[in-house]
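Engineer: My structure is below; once you've seen it, I'll send some questions.
The values are calculated or read from the model by the stated rules, or taken from the named source; none is laboratory data. Small disclaimer: the values here were computed from a predicted structure and weren't measured. Here Cβ is always computed from backbone atoms with ideal geometry, including for glycine, and neighbour counts include all displayed protein chains. The accessibility values were calculated without ligands, DNA or RNA, using every heavy atom of the protein model including side chains. Shrake-Rupley method; radii C 1.70, N 1.55, O 1.52, S 1.80 Å.
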Amino acid sequence: MRNWNRMISSCPYSEALHTAEWRDALAASFGQLTPLYFVIKDDNDDIAGALPCFSFRPVPLSKTLLSMPWTLPGGPLIFPGTDAAEATSSVCRKLDEIAREKHSFETSFTLPAHCDPNISETLVSAGYVEESSQFTHILTIENGYEEIRRAYNKGVKAAVTQAGRLGVAVRETDGEAEMIYFYKLYLAQMKRFDSTPKPYSLFRYLQTSPIARFIVAELDGQIIGGILFFHFNSRVRFWCQASDRDFLKYRPNNATIDYMIRWSSENGCRFIDFGASPPENKGLISFKEDWGAKKAWFSTFTRLHSAWRKKLWTASEPSLRRAYSAIQQFKIRNI
């Protein structure tokens, strides 16, 4: 684990999603995901990069290769000084070989923002199609917390101040009772959005791992909100936030994000990735930009191997997601 993390830290855009801890968290929480982690070597047999990816088997006769689940940014992670086009070509050949062996219907790469453009160009040359282009928001935090806070939108500054004035306390915790309470808030939030929740086991595993920090906002000892974020290689990823709708006037979301930004600055991090936003959700986009985060575009590239196998997954996906959501709601009631 340490060797893998030490190795990928040589890639300037590697982050917590590429670590051994994230791999192990997914493998422990999803039986359908099989990690396939590779080292990329050059002609001199020197390590030139790394490739974290997964084989996903959602239903029988249906498998796909993913650089990272949920269109999160994955690999390949190319080290400085390496011929990115040549390294990516070797990755494509290897994954084509694996796709044939495993009868995968598709291979999918979601590339990080600001990675070498030769990677995407080589994927297209190898037969990949750019399926979607999305944007995330990235906050640069190299100049210290106080300067970042001065750049907050006026409304954000007021909300952070208001949370403190109203008695909201923010703290980090590895307690399971706090995580269970937070997860229930998260489930309610996902139900309102008609979205598929991730399992409690994943949240708990990450909470106790060295790549994550779990923060709660409390009012008179009661949890009214929280945030789970990741950190690795000077990069922070804002992963999940949830709050009690009855206490939104106390600004728990603002309080926990401000804590995350302060923590990131004090611990030598350089960037915070606020995550992708649906382009139609203008309110969410504005909220992220009010903190000073800027848009950064990234893309997903796919290569189809079997049309009928993909149709099988596409047809079954909606009902499987509904069933999975119901199972997560039932599990948490029995904790």
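Engineer: Which residue, Gln241, Gln162, Gln207, tops the fluctuation ranking in a GNM of the chain built on C-alpha contacts under 10 Å?
Structural biologist: Gln162
Engineer: Hey, another quick one. As a quick test, which of the pairs Lys154/Lys282; Lys191/Lys282; Lys191/Lys294 have an alpha carbon distance above 25 angstrom in this structure?
Structural biologist: Correct reply: Lys191/Lys294.
Engineer: So the label point goes 7 Å from the Cα of Asn118 along Cα→C-beta, right? Which residues of the range 28-55 then have their backbone N under 18 Å from it?
Structural biologist: 40-51
Engineer: Provide the net charge surrounding Gly175, with neighbours chosen by a C-beta distance below 15 Å and charges set as Lys +1, Arg +1, Asp -1, Glu -1.
Structural biologist: -1
Engineer: What percent does the relative contact order of the range 185-287 come to when contacts are Cα pairs within less than 8 Å and at least six residues apart?
Structural biologist: Taking the mean separation of contacting Cα pairs over the length of the range 185-287, I get 21 percent.
Engineer: Something else about it: Where does each of 171-179, 222-230, 115-123 land if you order them by average Cβ count within 10 Å, highest first?
Structural biologist: Result, highest mean first: 222-230, 115-123, 171-179.
Engineer: Measure out, as a whole number of angstrom, how far apart the alpha-carbon centroids of the range 33-81 and the range 257-298 sit.
Structural biologist: 26
Engineer: In whole percent, and with a 1.4 Å probe on the protein chains, what portion of the accessible area of the chain is carbon and sulfur?
Structural biologist: That share works out to 49 percent.
Engineer: Right, another one. So how strong a dipole does the range 1-60 carry about its Cα centre when Lys and Arg Cβ are +1 and Asp and Glu Cβ are -1, to the nearest 20 debye?
Structural biologist: The calculation lands at about 280 debye.
Engineer: What lysines does Lys41 reach when the alpha-carbon gap must be under 29 Å and sequence neighbours fewer than 8 apart in one chain are set aside?
Structural biologist: In chain and number order, the partners are Lys63, Lys94, Lys102.
Engineer: Let me ask you something else. State the percent of C-alpha pairs, over all pairs in the range 105-221, separated by a distance greater than 25 angstrom.
Structural biologist: Value for the range 105-221 (Cα pairs over 25 Å): 54 percent.
Engineer: Using the Cβ atoms and a cut-off under 11 Å, what net charge is assigned to the surroundings of Leu166, where Lys and Arg are +1 and Asp and Glu are -1?
Structural biologist: Summing Lys/Arg as +1 and Asp/Glu as -1 gives +2.
Engineer: GNM, the chain, Cα, under 10 Å: largest mean-square fluctuation among Met190, Met260, Met68?
Structural biologist: Looking only at Met190, Met260, Met68, the largest GNM fluctuation is found for Met190.
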